Amino acid sequence: MAKGKVAVALSGGVDSSAAASLLKEANYEVMGVHMRLWDSPRSEYQAHRAEDICRILDIPCHQVDLQKEFESCVVDYFCREYRQGRTPNPCVACNQYIKFGLLLDRALSLGVDYLATGHYARVEHSRDGHRLLKAADTGRDQSYFLYTLTREKLGYVLFPLGGHSRDEVKQMAKQAGLPTAARSSQDICFISQKNYGAFLSQRFSTQLGDVVDTRGKRLGQHQGIAFYTIGQRHGLGLAPTSQGKPLYIIRIEPESNRIVLGHEKELYSQKLAAQKLNWISGKAPREPITVTAKIRYKSKEAEASLFFRNDSVDVHFSQPQKAVTPGQAVVFYNIDEVLGGGIISQTEK
């Protein structure tokens, strides 16, 4: 007897196809759901791959066109943030509004019990509700991108790969007869060849501005604040050893259209403020708490204390963190559990 009906979000890649195969082996009634998010040759390739995977696994295949919604919720947000001098994380927005928003709703409307994805993360069920945990393979863990989930949504979500390593997943896919060769992955699915500048230039006009040092001395001219990010060292149009030491972007000032450069030691911050918070439990802590926090996906967790305001949180790190960047997500953990997170709004050097 089937454990339940589950729709698997199939990207056309190895991870999601292996997730579908694992669920079918575990006696779930499985269907594949592929999202059409962007009009490009790569999107066509991914759609055909998803159909091929469904044929191999002998499961139904549904195509869901979410291109307009993706444009509004993810692409427009991405451009808006860069235009204002911040560095967004579109994968977080996609998970919140598209995968575990619109797609989850569509999947449930098809009569399934669960939506599964190929994310490396785990869900734990207990009397107190559902908890989001890191993947067993910490080097592959993707729980950072999932902090916007809620306990209610976690009740409908499965992450079949959470207990496996990537090598194990590739081996399982191979044994199931699934394609394991894939095109090289992209950081952002709607931008080819990582050419952010060209993409943004097609979306809005930019204004030239001054590049200055911390004392306000003009060092050069930038091409538009949208093309730069905190911690950037190259592509500044300056000699690499100006003032005797390498210079980095330590601050972007959209109100004055300036980029401020400083030395590496000036990149470090011990405090930040975050807004647009989500707590997976649905309840924000009332008192200050100590957690570990990540300021970006690839950063290491660092011990921090959280101090709460009405709609924001101040994060005080035990040790200064390098290149804390407004617009990025900061995610809070209690050992393996994801507590929640928010969007970095400002930093204190």
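The values are calculated or read from the model by the stated rules, or taken from the named source; none is laboratory data. Everything numeric here is computed off the predicted structure, so don't read it as measured data. Because the Cβ atoms are built from the backbone with ideal geometry, glycine has one as well, and the counts that use them run over all protein chains shown.
Find the strands (runs of 3 or more DSSP E) located wholly in the stretch 1-86 whose residues include 1 or more that are within 22 Å of A176 (Cβ to Cβ) and in contact (Cβ under 8 Å) with a residue 60 or more places away in the chain, and list them. Reasoning before the result, please.
Working: elements: 5-9, 29-36, 61-65.
Of the strands (runs of 3 or more DSSP E) lying wholly inside the stretch 1-86, those with at least 1 residues that are within 22 Å of A176 (Cβ to Cβ) and in contact (Cβ under 8 Å) with a residue 60 or more places away in the chain span 5-9, 29-36.
A26 fulfils the conditions (1) surrounded by fewer than 22 Cβ atoms within 10 Å (Cβ to Cβ); (2) within 18 Å of the chain's Cα centre (by Cα); (3) within 24 Å of H164 (Cα to Cα) except for a single criterion, (2). Given the structure, is L102 surrounded by fewer than 19 Cβ atoms within 10 Å (Cβ to Cβ), of a type in the set (A, V, I, L, M, F, W, C) and farther than 30 Å from T325 by Cα? Criteria not met by L102. Could you say whether any residue in the stretch 117-125 is assigned to a helix (DSSP H, G or I) and either under 22 Å from K170 (Cβ atoms) or among the basic types (K, R) (or both)? No, because not a single residue in the stretch 117-125 is assigned to a helix (DSSP H, G or I) and either under 22 Å from K170 (Cβ atoms) or among the basic types (K, R) (or both). Looking only at residues in the stretch 267-297 that are assigned to a loop (DSSP other than H, G, I, E, B) and in contact with a helix residue (DSSP H, G or I) (Cβ under 9 Å, 6 or more places away or on another chain), the one that is surrounded by the most Cβ atoms within 10 Å (Cβ to Cβ) is I280.
Criterion first (surrounded by fewer than 18 Cβ atoms within 10 Å (Cβ to Cβ), of a type in the set (A, V, I, L, M, F, W, C) and modelled with pLDDT of 95 or more) does A7 satisfy it?
Details: surrounded by fewer than 18 Cβ atoms within 10 Å (Cβ to Cβ): no; of a type in the set (A, V, I, L, M, F, W, C): yes; modelled with pLDDT of 95 or more: yes.
No.
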